[in-house]
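Here the structure is laid out as structure tokens; the discussion comes afterwards.
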Amino acid sequence: MRRVLLSFSSLSTASSHLRKNSHRVHRRHRIGHCSAGFVVFECGGTEIREVCVKSITRMAWTSCAGILALTVGLVAGGKIALKAQEGASQSATGKSGYHLIKKVKLGGEGGWDYLTADAAGRRLFISRGTHVMVVNADEGKVVGDIPNTQGVHGIALVSDMNKGFTSNGKTATSTVFDMKTLQPLGEATTEKNPDAIIYDPASKRVFTFNGGSDSATAIDAATGKAVGTIALGGGPEFAASDGKGHVFVNLEDKSQLVKFDPVTLKVEKTWPLAPCESPSGLAIDAEHEILVVGCHNKMMAFVDGNSGHVIGTVPIGQGVDANRFDPATGFAFASCGDGTVTVAHEDSLDKFSVVDTIQTQRGARTMELDTSNHNLYLVSADFGPTPAATPEHPRPRPPMIPDTFTLLIFGR
């Protein structure tokens, strides 16, 4: 508790006023023709101790009365300010409990795409166009870099083998690296423009999803070599594994969901996702086999992974590019480029409701969830004005302002 010492008017006047306002006079002293008292105000977490002095002169009496009025005003104002601060704090934290706990400017060159958390190692792997930036997940400090990953989109981690894999879109390769030293261990060849990348623990294979060839490449995690390709029948976006022998992937151009066997590399099912259009992000509640799909027509769809039926939808923001599911809280997340993250709750196996909309930053379209502490990680940057559309670039993007790349960490 903070204490502030102030001087003010007569003890008798102060005592009367303070009694009316539930304040207390602690003790009184008399010296000659003057009397003094010691008073304590309490305002939230601030304790204001007052010395009250009564003089025999009218001038002193009037002066002291003025100071009393000022002091009472300060106390009342302090209470109002504290209430305003409490209201602001409550408004910053929504019903989900999530709020911004750290914002760190990372800077550096290159755009970005997916980011992946190493929960055990407390690191975050962030794709930066031509390299992978490695950041301390708690402090937000850059702790390493993986170079020569041209057109990198995503990173998959195989912790029990101490290996990481990248999807290098421009070179149709996957760089294999040591998770501890970040040194390259080898390179696997994929098909054209590998984008999303995940690890399937059931088959112990890494899969790249190749946007330029409508396929997926299977890579043996132990050897780091490609072992097969799956034709998907459309342009893949993100994917998810249930860890029980099934991998799912969105087909953005067909608004469909594909289910395939990661061992036989055979497509088992292809389901329409209506009313979901142009699916992008994908996550899974593996225990209940429910897929969480981010759709570009501003909805998050929940799909039964056994039947393919859309069992629920909730509204989300514009420009979704990532989804996550937290099995401990039952929260499903959708991060959108309009600067929002929608938090929905899995109320039951066929009922889903929006809990919160977290305000992030314009452009923060991709996201990662650390299930060990439930933190959310997003990245974005500052942008200049959007250039005019041309026949070559009918949907131009605003240019990124150099050295403004930023990490946002949200926690509960």
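All of the numbers you see were taken from the coordinates with simple rules; none came from a lab. Keep in mind the model is a prediction, meaning the values are calculated, not measured. Neighbour counts run over all protein chains shown; Cβ positions are idealised from the backbone, glycine included.
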Of all trypsin sites (Lys or Arg not before Pro) in segment 239-326, the ones in DSSP coil with at most 12 other Cβ atoms within 10 Å are Lys244
Between Asp347 and Thr130, the two model label points (7 Å from Cα along the beta-carbon direction) sit apart by a distance in nm of 5.1 nm
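As a footprinting exposure proxy, order Phe333, Phe302 by other Cβ within 10 Å, with the fewest listed first. Walk me through the numbers on the way to the answer.
On the way: Phe333 28, Phe302 24.
In increasing order of surrounding Cβ atoms, one gets Phe302, Phe333.
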Heads up, segment 349-412 by the C-alpha gyration tensor (a ≥ b ≥ c square roots of eigenvalues; a/c under 1.5 rounded, else a/b over b/c prolate, else oblate) looks oblate
With 0.36 nm assigned to each residue of separation and the Cα-Cα distance removed, Asn148 to Asp160 gains 1.9 nm
Taking Cα pairs closer than 8 Å and at least 6 residues apart, the relative contact order of segment 213-356 in percent is 13 percent
Hydrodynamic calc, segment 287-409: Kirkwood Rh from Cα pairs, then Stokes-Einstein at 10 °C with viscosity 1.306 mPa s, so D in µm² s⁻¹ is 102 µm²/s
For Lys141, counting only aspartates and glutamates whose alpha-carbon sits under 16 Å away and dropping same-chain residues fewer than eight positions off, the answer is Glu109, Asp118, Asp403
Quick numbers on segment 241-348, Rg and Dmax over C-alpha atoms in Å, give 12.9, 40
Any aspartates and glutamates whose Cα falls less than 13 Å from that of Lys298, other than same-chain ones fewer than 8 residues away, would be Glu277, Asp321, Asp338
As straight-line cross-link partners of Lys170, the qualifying aspartates and glutamates (C-alpha separation under 15 Å, not fewer than 8 residues apart within one chain) are Asp113, Glu187, Glu191, Asp195
Under the rule rounded for a/c under 1.5, else prolate if a/b exceeds b/c, else oblate, using alpha carbon gyration tensor axes a ≥ b ≥ c, segment 302-354 is classed as prolate
For the pair Thr189 and Glu392, the simple spin-label estimate (label points 7 Å beyond Cα toward Cβ) gives in nm 3.2 nm
Fewest-first ordering of Ile290, Ile316, Ile311 by Cβ atoms within 10 Å yields Ile311, Ile290, Ile316
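Taking a ≥ b ≥ c as the square roots of the eigenvalues of the Cα gyration tensor of segment 99-411, is the shape rounded (a/c under 1.5), prolate (a/b larger than b/c) or oblate?
Because its axes are fairly even, with a/c under 1.5, segment 99-411 counts as rounded.
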Note on segment 314-406: contact order normalised by length, alpha-carbon pairs under 8 Å, 6 or more apart, percent, works out to 20 percent
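Note down the net charge around Lys95, summing +1 for each Lys or Arg and -1 for each Asp or Glu among other residues with Cβ under 14 Å from its Cβ.
-1
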Going fewest to most other Cβ atoms within 10 Å around each Cβ, Leu185, Leu378 line up as Leu185, Leu378
Each label sits 7 Å from Cα toward the beta-carbon; between Asp138 and Glu277 the label points are separated, in nm, by 4.6 nm
